[in-house]
Amino acid sequence: MRQETGTRWRPRIRQRKAIGRGFAALTIVSTLLGIAMLVALLVDVFGDGAAQVDGHFLTSYPSRFPEDAGLRSALLGTLWLLVLTAVIAFPLGVGAAIYLEEYAPDTWLTRFIQLNIANLAGVPSVVYGLLGLGLFVRWFALGRSLIAGAMTMALLILPLIIVASREAIRAVPDGQREASYALGATKWQTVFRTVLPAAGGGILTGTILALARAIGETAPLITIGALTYIAFDPSGPMDLFTVLPIQIFNWVSLPQEGFSELAAGGIVILLIVLLLANSIALFVRFRLQRRFD
Amino acid sequence: MLGARLTGRNPVAQDVNSSPGAPEVRSQFAPRRRRAFIERGIHGVLFICAAVSILTTAGIIFTLLGETLAFFQDVPIVDFLTGTRWTPLFVSQSFGVLPLVNGTLVVALVAIVVAVPIGLMSAIFLSEYAPARVRAAIKPVLEVLAGIPTVVYGYFALLFVTPILRDIFPQTQVFNVLSAGIVMGFMILPMMASISEDALRVVPRTLREGAFALGATRFQVTVRVVVPAALSGILAAIILSVSRAIGETMIVSIAAGQQPKVGFDLLSSMETMTAYIVQVSLGDTPQDTIEYRTLFAVGTLLFLMTFVMNILSDWIVRRYREVYE
């Protein structure tokens, strides 16, 4: 819109409007492109895999014959890993969030912890796998067990739980705390009986979403050495294990006929599990989240 | 009351047991000293929870560094960083990491070429053009795109995108960089779009209105006022996207293959740093061998690259944030 002195300014309104319309169309096309990709992915996966999903597929162990193979051990492994990860990560994450929101003095140490959590959220997941391999599998000598996998996953999703829980705790108005103190409660009583119940919906939602992320993670578990072929039910934290994404990865990598359809079937199950987790999170958000307006 | 919160003490609660006005009344509350003890204990436990994050970082650094230093006792660091042959699993071992870095950067470049323009345009649409209801409908869809596990994207790249590419360019290899890069681009697209949109939305309305008042069209307002004002946030989003692309593992493991080589042939197979880590992890590599240590040497390099980029993006946001008041 720069104009030199002496030249007459020409509004060129039609031209400008045409450019504007073209640009607007381009932004819409870009946005639709992302959505189209999602649709293509879902159609492709469900088209290839929906026919695989039946009772046999869910209850059979993996096999080198695609018509016999199922994901029983992977499904059980995912379930075990989920529970163990939640048991480790939930108290640690919520505890850290309570500390940072309610207790932490404004010192360099607190700021360092906060910076640190922000940085941990950006570390590639495969690096967490190397941490798990060096620390839990080798140094703690836990082997390629469920518990080693769960500890690795817990560290991976801890920043997510902390950030979500802090937001939920911060949303509880100070008036609630003051009312509790006025009744003679101590700090911990205030936190435990007033703040946490009020923030519970947000904390649970954040935790479930973080666990959903853990369900889909593959790389760290491959790195700590989770196996691709398990033909028994895991029965305790020290057992070897596999999980849904690893089983899918294994099937995708097999060139023989029939396995890519198995992988697609596995993806259908994985996406259904994730959809369930997200629906629960949504439900919790609507049912438990208190509003202070 | 804010003071009480900050110091962790509660003047009201402490008076319950020591009120001079009612000495004989047996309090049903726990004794004050026991309560103070419990309070201190809880404070300590919570601090330990928060400190786990520091232990995690320390754990990452020490595990990576320990094995990496052991690795550099056998392989000179200069050979590692400048060598162009990566064959640690062959009989004639060679430990030049450049082919893996090359593969990583080429895939990331393809991903960025896809994610940045589409992501930025989507962000502009959502922030500047879309009515509130359209925006409310589209944002969850993008979130779904972000929530799909990477192994699913890998499947999609190998079995949907690659066959299409092979129809268009018959010389395309089954495992190729282009397919992995394109799909990875769509994986990071939601992050790119969402961070850019946040940056666009904090640009104050008065700036837009000023430009409109001067007779600018919406296109001109967007391109000459809003985007420049949000540039630091957009730049930070781009750097974070690069960081994510470099650290992405499963898509490249499934769809880009395992051939460490230096080059720029998008239709051929290359190996990234992350794919190498997965490749070695799938085999049963014994501890205390040089093959085992390559995992950590490559992991350290990967960690440093993403760490520098995350810090850089954070710094750009802080340093160049336009403050409007």
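All of the numbers you see were taken from the coordinates with simple rules; none came from a lab. Just so it is clear, the structure is predicted and the values come from calculations on it, not from any experiment. Ideal geometry is used to build each Cβ from the backbone, glycine not excepted, and the neighbour counts take in all protein chains shown.
Quick rundown of the values:
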| read-out | value |
| --- | --- |
| Kirkwood Rh, angstrom, the stretch B:241-313 [1 / mean 1/r, Cα pairs] | 13.2 |
| Number of partner chain Cβ atoms within 10 Å, mean per residue of B:113-124 | 4 |
| Total formal charge among the other residues, if their Cβ is under 11 angstrom from that of B:Ala256, Lys/Arg +1 and Asp/Glu -1 | -2 |
| For B:Ser196, B:Ser92, B:Ser243, order by how many other beta-carbon atoms lie within 10 Å, fewest first | B:Ser92, B:Ser243, B:Ser196 |
| Tilt relative to chain B, helix B:32-74 - C-alpha long axis, 0 to 90 degrees, to 10 | 20 |
| Ratio of Rg to Rh over chain B (Cα coordinates, Kirkwood Rh, two decimals) | 1.14 |
| Inter-site label distance for B:Arg224 and A:Ile272 at 7 Å from Cα along Cβ, in nm | 5.7 |
| Straight-distance crosslink candidates among aspartates and glutamates, where the alpha carbon sits under 19 Å from A:Lys187 and sequence neighbours closer than 8 are dropped | A:Glu101, A:Glu102, A:Asp106, A:Asp174, A:Glu178, B:Asp15, B:Glu39 |
| Whichever aspartates and glutamates have a C-alpha closer than 17 Å to that of B:Lys261, once near sequence neighbours (fewer than 8 apart) are set aside | B:Asp79, B:Glu271 |
| Dimensions (Å) - the protein assembly as shown, Cα atoms, principal axes, largest first | 95, 81, 55 |
| Peptides ranked, highest mean first, by Cβ atoms within 10 Å: ranges A:245-253, B:122-130 | A:245-253, B:122-130 |
| Binned Cα-Cα distance frequencies in the stretch A:13-52 - 5 Å width, integer % | 6, 22, 13, 13, 11, 10, 8, 7, 5, 3, 2, 1 |
| Axial C-alpha extent at least 20 Å, average Kyte-Doolittle at least 1.0 - helices from chain A (DSSP) | A:13-49, A:72-98, A:146-170, A:196-216, A:259-288 |
| Cut-off 20 Å (backbone N to label point 7 Å along Cα→Cβ of B:Ala146), residues of the stretch A:247-290 | A:271, A:274-286 |
| Contour excess over end-to-end distance, with Cα ends at B:Ala213 and B:Ala132 and 0.36 nm allotted per residue | 26.8 nm |
| log₁₀ of I(q)/I(0) at q = 0.13, 0.20, 0.22 Å⁻¹ - the stretch A:53-143, Debye sum with one point per alpha carbon | -0.73, -1.10, -1.15 |
| Average other protein chain Cβ within 10 Å of Cβ, residues A:40-52 | 3 |
| Calculated FRET value between B:Asp265 and A:Leu26, using beta carbons and R₀ = 22 Å, to 0.05 | 0.10 |
| Helix-derived mean residue ellipticity, 222 nm - over the protein assembly as shown, DSSP H n ≥ 4, -39500 (n - 2.57), to 500 | -22000 deg cm²/dmol |
| Chain B: angle of helix B:273-282 to the longest principal axis, Cα-based, in degrees nearest 10 | 90 |
| Sum of side-chain charges, A:Ile157 neighbourhood, beta-carbon under 15 Å (Lys, Arg +1; Asp, Glu -1) | +1 |
| B:Val91 versus B:Arg166: modelled label distance in nm, points set 7 Å from Cα along the beta carbon direction | 3.2 |
| Kirkwood hydrodynamic radius of the stretch A:56-288, Cα pairs, Å | 19.2 |
| Tilt relative to chain B, helix B:98-124 - C-alpha long axis, 0 to 90 degrees, to 10 | 60 |
| Whole-angstrom gap from the stretch A:154-204 to the stretch A:22-94, using each part's C-alpha centre | 33 |
| Test item: A:219-226 mean partner chain Cβ contacts at 10 Å | 5 |
